[in-house]
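Bear in mind that the values in this text are calculations on the coordinates, not laboratory data. The structure displayed is predicted, hence computed values, not measured ones. Heads up, the Cβs are rebuilt from the backbone with ideal geometry, glycines too, and the neighbour counts pull from every protein chain shown.
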Number of protein chains: 2
Amino acid sequence: MHQNTTNQAAKIILTGDRPTGPLHLGHYVGSLRNRVRYQRDYRQFIIIADAQALTDNMNDPDKVRRNMIEVALDYLAVGIDPTLSTIFIQSQVPELAELSFYYLNLVTVARLERNPTVKEEIRQRGFERDLPAGFLTYPASQAADITAFKASLVPVGADQVPMIEQTNEIVRRLNFIAGREVLVETAALVPEVSRLPGIDGKAKMSKSLNNAINLSATADEVTAAVKKIYTDPLHLRVEDPGHIEGNVAFTYLDAFDRDQTGLQEMKAHYQRGGLGDSVVKKRLEACLQDLLTPMRTRREEFSKDRAYVMELLKQGTQKAREVAARTTDEVKAALGLSYF
Amino acid sequence: MHQNTTNQAAKIILTGDRPTGPLHLGHYVGSLRNRVRYQRDYRQFIIIADAQALTDNMNDPDKVRRNMIEVALDYLAVGIDPTLSTIFIQSQVPELAELSFYYLNLVTVARLERNPTVKEEIRQRGFERDLPAGFLTYPASQAADITAFKASLVPVGADQVPMIEQTNEIVRRLNFIAGREVLVETAALVPEVSRLPGIDGKAKMSKSLNNAINLSATADEVTAAVKKIYTDPLHLRVEDPGHIEGNVAFTYLDAFDRDQTGLQEMKAHYQRGGLGDSVVKKRLEACLQDLLTPMRTRREEFSKDRAYVMELLKQGTQKAREVAARTTDEVKAALGLSYF
């Protein structure tokens with residue numbers, strides 16, 4: 001799956017989220033659970049990208065602000081340990097904005113317009129002529145986030161790989177101007193499972209599609225969601241053979257069931273016929289409650305002391321800022337911008 | 001000429017230069033001499049825009065670096081007094097980059113592409129498809145430079161007025177989002193004489209056209225430049241009537257001769273006929289040497305102690321940074337980006 005070198009401990013990861021809504025099972029499968037794994041073996045920086053979230057939320061900055069702490073609570077809930085991972089707030093590391101500012105000179109407008117990820121996102125948002133300059137240029141900002149920490153690995157979905165290429169172009173251009181290796185090239189770390197379908201069977205779980213199970217869902221919400229889950233519309237009677245493919249209940253079980261042997265037996269039974277959806281859903285519900293209950297408990301614990309959570313974020317941000325400031329100094333020195 | 005209110009003393013001016021070459025008589029007439037006047041009546045911030053200079057000099061950052069101190073020496077030479085004006089280095093006030101970064105979300109790509117000043121500059125530089133993103137977006141950076149100091153006046157040539165409009169659009173948009181007056185609208189202060197022709201008679205004195213007299217020119221260079229100066233090509237014999245219009249010698253005398261009565265007499269004589277170019281040039285040379293000799297002396301004085309000049313810049317930058325940091329904090333708070 002990912003690179004496994006003897007020097008793995010030294011490798012630096014940059015990852016994170018835009019705080020625009022609660023994190024859900026899709027985020028967990030696609031990235032959060034990997035972060036819990038990575039944090040012991042890598043030096044992991046986790047960015048709460050509030051400034052990036054503003055590039056298409058400038059009309060509702062309060063949404064970003066409110067979700068900042070919610071995302072932090074989600075991180076702590078899933079088991080990201082702030083003593084192992086450095087969790088920080090993008091806007092509170094001004095060096096990232098400063099680096100972006102210089103990187104804008106290292107990328108052409110035409111190149112940004114050609115970026116497939118940005119192109120698709122512009123289309124989705126219907127921006128066209130109203131495209132904010134900050135949205136078109138956000139790959140430069142992302143390059144700043146990655147390079148500031150000299151991250152050599154960035155866990156991303158396959159659709160984000162062009163962003164990594166864009167970052168490396170900036171890295172090479174800056175190093176060329178500097179005449180030495182100031183910045184470090186990075187690599188996409190694409191997970192095996194990067195996407196979970198929605199409970200309605202649509203390809204992607206997403207808050208805006210209203211088909212998500214949030215990590216902060218209550219036990220009742222989980223029960224209700226499992227009830228509504230898309231299974232096999234052709235499986236009308238218990239005795240009929242059922243289909244596994246496209247059956248979201250089984251997709252989720254694949255992702256979350258710890259007893260994969262038992263799951264294989266259940267799948268065979270379902271395909272033979274004689275197994276009702278309610279049994280499958282019962283198993284899934286147990287799995288999800290098992291997964292989410294300890295998260296909810298941890299979330300509630302941390303939620304009681306938000307000042308402590310803010311203190312953790314402050315410490316993480318302070319640590320991140322020291323690293324980012326060092327890189328920014330190096331970049332500015334390479335550009336001749338250090339006088340005092 | 002410019003606004004003259006009773007509250008003039010409180011007004012803030014932002015002005016400055018891109019450090020890409022030595023300043024010349026054109027700069028002096030168009031802006032520097034006004035700065036010397038303004039500095040007693042206004043709070044004047046003078047930016048050495050090294051970061052902006054990089055937007056189209058990323059392949060030669062060293063040129064920008066070298067010229068930074070030269071521009072500072074030119075300022076001191078013409079009589080800008082660092083105890084009255086705040087001279088600072090753009091790149092050393094990272095808050096300006098940070099503000100730009102957020103302003104990018106307040107302006108659309110289409111609006112930047114429509115900006116007449118930027119359009120013309122892109123044409124002049126032949127950028128087209130290779131247009132660096134930082135160049136297209138530099139109006140956002142200029143808006144940051146102006147608004148960071150809450151400058152209500154920006155001395156610019158007529159061609160730069162669209163940049164001021166762009167700044168005010170950003171100001172209004174930010175204030176609208178904030179729901180209050182965080183930023184201050186600004187006004188262009190267009191001088192009567194904003195442009196001096198080159199010694200070759202071309203409309204604009206410019207380093208790249210090689211038709212400039214630098215403020216740091218030696219006495220011999222001044223003599224040589226005056227010798228080459230474009231006068232009246234139809235004025236072949238001393239006894240012929242000469243033309244004043246388009247005659248650069250007279251244009252310069254208009255700008256620099258302290259004895260305007262004597263100058264009017266000379267003009268009349270020239271137009272009647274019987275006055276040779278050499279007499280006119282002699283008068284001009286005396287004027288220019290009178291103007292430039294004390295500048296050269298001051299420049300040489302400061303040039304001997306560059307560490308002291310850097311110390312002055314450091315102090316100015318420190319002062320500017322305090323002001324810019326306050327504004328940046330206000331802008332970020334308005335966007336909900338203050339947590340700690």
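Structure above, values below:
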quantity	calculated
Ranked A:54, A:215, A:131, criterion: other C-beta atoms within 10 Å, fewest first	A:131, A:215, A:54
Length gained when the stretch residue B:60-residue B:306 is fully extended (0.36 nm per residue, less Cα-Cα span)	86.3 nm
Residue with peak Gaussian network fluctuation, chain B [Cα springs, cutoff 10 Å], from B:152, B:31, B:278	B:278
Peptide-level mean, for A:106-115, of C-beta atoms on other protein chains within 10 Å	5
Using a Förster distance of 35 Å, the FRET efficiency for residue A:325-residue B:158 (Cβ separation, nearest 0.05)	0.25
Proximal lysines to residue B:281, defined as alpha-carbon separation beneath 19 angstrom and excluding residues fewer than eight positions away on the same chain	B:202, B:227, B:228, B:267
Copies compared at residue A:264 - label distances in nm, ascending, label defined 7 Å from Cα in the Cβ direction	10.7
Peptide-level mean, for B:80-93, of C-beta atoms on other protein chains within 10 Å	1
Sequence-distant aspartates and glutamates (8 or more away, or on other chains) whose Cα lies within less than 19 Å of residue A:207	A:17, A:50, A:56, A:60, A:62, A:70, A:74, A:120, A:121, A:159, A:220, A:221
Chain B: antiparallel DSSP beta bridges as a percent of all, rounded to 5	5 percent
Sites residue A:255 and residue B:124 - FRET efficiency at Förster radius 51 Å, r taken between beta-carbons, to 0.05	0.35
Mean separation of Cα contacts under 8 Å (6+ apart) over length of chain B, as relative contact order %	22 percent
Using a Förster distance of 22 Å, the FRET efficiency for residue A:338-residue B:315 (Cβ separation, nearest 0.05)	0.80
The protein assembly as shown: translational diffusion in µm²/s, Stokes-Einstein, Kirkwood Rh over Cα pairs, 37 °C, 0.692 mPa s	115 µm²/s
Label-point gap, in nm, between residue B:290 and residue B:207 - each point 7 angstrom along Cα→Cβ	2.9 nm
Inter-copy spacing of residue A:176 label points, which lie 7 Å from Cα along Cα→Cβ, given in nm from shortest upward	4.0
Tail beyond 37 Å, pair distance distribution of chain A (Cα, percent)	24 percent
For segment B:269-324 versus segment A:25-83, the gap between their alpha-carbon centres in whole angstrom	56 Å
Positive dipole terminus of segment A:217-300, leading residue within A:249, A:269, A:294 (C-beta point charges)	A:294
Computed over segment A:217-300: relative contact order in percent, which uses C-alpha pairs under 8 Å that are six or more apart	37 percent
Position residue A:241, label points 7 Å along Cα→Cβ, spacing to each other copy in nm (shortest first, one decimal)	11.0
GNM result for chain A, Cα springs below 10 Å: residue of A:308, A:252, A:75 fluctuating most strongly	A:308
Share of pairwise Cα separations in segment B:44-184, more than 21 Å, in percent	47 percent
Fluctuation leader among A:316, A:126, A:201 - chain A, Gaussian network, Cα springs under 10 angstrom	A:126
